Amino acid sequence: MPITILKKVWDYCKNDKKFLVLILVLIVASNYLENYFIKMIDYSSNHILVLISSVLLYIILVFIVGYGISITNDWINNGTRLPKINFRKIASYGIKGTIVIFIFYEIQAHIIDIVCLPLHFPEFDLEELLVNLPETLHMLHAHNPVDFAIFLIAGSILFYLTGFFMEVAVAKLADTNSFWHSFNLVSIFKDIHSVGWTFYAKEFTMVLLAMVILTYFQNVHVNNATIDFIITNVFEFGIYVTQFIGVGIAYKHIKEKAMEKNKEIH
């Protein structure tokens, strides 16, 4: 159940409340700096500033991705709290992870476009469709029902399949710190097959729904700037941690299956 996932995330985060606040502040600051540098790149005409801001933007991205993969690694290895900041480890995970995620995301986008573009639908993202239900329902009314059904069914299948491979690729990187392990598609296929595609889909869906629930809470506004700021960033951090713990949850089952198989052989 998604609530079970959220409870696991909360228990994991709250074990060291002071460190939780520190990481939350660092991630929030990183996100705001990232947005600042993106704006600078968009509007600055100074090439040196563009270069500097681009480098800083990548450093921030490396930190965010690297720490996220550190969370995945910690969860796979039965961690019980947010991992300490290890800059060398974060840099290694972050540099490799940004490349792995970018490549798999681009592959996913191009595959899903095969369904979306001919039917004149926007890029398929199941989380966005669930979060923005009014817009999703509007698409149903604005398009042919048959086209919408094809978009939803085919898009979901492709989203899940490509999502499985992307998730296991990131998990392999977290587990081995090997860049090339993330692109061993045969090994990834066998990993997913070892726990069962239905089981993996269920785990994937529970994590996805947990993130959707947090996104709904994140979008709550009380017309107070300070409180709205806290709500937005706390739940955004929750989504971030849930995403990377979710990668570890399913991969732990894969490793357990592999250990069982090794015991049977010996």
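The values are calculated or read from the model by the stated rules, or taken from the named source; none is laboratory data. Quick caveat: nothing in here was measured; it's all calculated off a predicted structure. With ideal geometry, Cβ positions are generated from the backbone for all residues, glycine too; neighbour counts draw on all protein chains shown. These area figures cover heavy atoms from the full protein model, side chains too; ligands, DNA and RNA do not enter into them. Shrake-Rupley method; radii C 1.70, N 1.55, O 1.52, S 1.80 Å.
Taking all protein chains together and rolling a 1.4 Å probe, Trp10 ends up with roughly 140 Å² accessible. When the chain is treated as a Gaussian network with alpha carbon springs shorter than 10 Å, the biggest mean-square fluctuation among Asn73, Asn15, Asn233 belongs to Asn15. In plain terms, the chain is cut at each of the trypsin sites (Lys or Arg not before Pro) found in a DSSP loop with at most 16 other Cβ atoms within 10 Å, and the longest leftover piece is 85-266. For Lys18, a cut-off of 18 angstrom between C-alpha atoms picks up no aspartates and glutamates at all, skipping any fewer than 8 places away in its own chain. On the chain, 68 percent of the accessible area sits on carbon and sulfur atoms, based on a 1.4 Å probe. For the residues Phe104, Phe87, Phe229, a 1.4 Å probe over the protein chains yields an accessible-area ranking, largest first, of Phe87, Phe229, Phe104. The phi-based Karplus calculation (6.51 cos²θ - 1.76 cosθ + 1.60; θ = phi - 60°) puts the 3J(HN,Hα) values of segment 148-162 at 5, 5, 4, 4, 6, 6, 5, x, 5, 4, 5, 4, 5, 4, 5 Hz, whole numbers, x for Gly and Pro.
Hey, can you find the accessible area per residue of the chain for me, probe 1.4 Å, expressed in square angstrom?
Per-residue value: 56 Å².
In terms of the ratio Rg/(2.2 N^0.38 Å) built on C-alpha atoms, what value belongs to the chain? Spell out each step's value before the answer.
Working: Rg = 19.6 Å, N = 266, 2.2 N^0.38 = 18.4 Å.
The reported ratio for this selection is 1.07.
Think of it as helices only: each DSSP H run of n ≥ 4 in the chain is worth -39500 (n - 2.57), and spread over all residues that comes to -29500 deg cm²/dmol at 222 nm.
Give Lys89/Lys190; Lys8/Lys202; Lys17/Lys252; Lys89/Lys172; Lys96/Lys172; Lys14/Lys84 a once-over and call out the pairs whose C-alpha atoms are over 22 Å from each other.
Working: Lys89/Lys190 28 Å; Lys8/Lys202 17 Å; Lys17/Lys252 26 Å; Lys89/Lys172 15 Å; Lys96/Lys172 12 Å; Lys14/Lys84 14 Å.
Over 22 Å apart, Cα to Cα: Lys89/Lys190; Lys17/Lys252.
Computed from the C-beta positions of Ile85 and Thr226, the FRET efficiency with R₀ = 30 Å rounds to 0.65. Rolling a 1.4 Å probe across all protein chains gives Leu49 an accessible area of roughly 80 Å².
Using the Karplus relation 6.51 cos²θ - 1.76 cosθ + 1.60 with θ = phi - 60°, the per-residue 3J(HN,Hα) values for segment 212-228 come to 5, 4, 4, 5, 4, 5, 4, 7, 6, 10, 10, 6, 10, 4, 5, 5, 4 Hz, with x marking Gly and Pro.
Look at the dipole of segment 1-131 built from charges on Cβ: of Cys13, Ser92, Leu51, the Cα furthest out on the positive end belongs to Cys13. Take Leu6: with every protein chain present and a 1.4 Å probe, its accessible area is about 40 Å². Each of Leu208, Ser178, Ile231 was scored by the projection of its Cα onto the charge dipole of segment 148-266, and the greatest displacement toward the positive side belongs to Ser178; charges sit on the C-beta of Lys, Arg, Asp and Glu.
Net charge dipole, the chain: roughly 1180 debye, given to the nearest 20, about the Cα centre with Cβ charges of +1 for Lys and Arg and -1 for Asp and Glu. Protein-only accessible surface at a 1.4 angstrom probe places the residues Thr72, Thr162, Thr198 in the order Thr198, Thr162, Thr72, largest first.
Between Ala250, Ala29, Ala171, the residue with the greatest mean-square fluctuation in the GNM of the chain (Cα pairs under 10 Å linked by springs) is Ala29.
Evaluated at q = 0.15, 0.16 Å⁻¹, the base-10 log of the normalised Debye intensity for segment 71-217, with identical point scatterers placed on the Cα atoms, takes the values -0.90, -1.00.
Since only Phe244, Leu130, Asn78 are under comparison, the one whose Cα sits farthest along the positive direction of the charge dipole of the chain, derived from C-beta charges on Lys, Arg, Asp and Glu, is Asn78.
Note down the relative contact order for segment 113-256 as a percent, whole number, built from C-alpha pairs under 8 angstrom at least six residues apart. Relative contact order of segment 113-256: 22 percent.
Over all pairs of distinct alpha carbons, what does the Kirkwood formula give as the hydrodynamic radius of segment 134-223, in Å?
On the way: mean 1/r = 0.0639 Å⁻¹.
Every distinct Cα pair counted, the radius reaches 15.7 Å.
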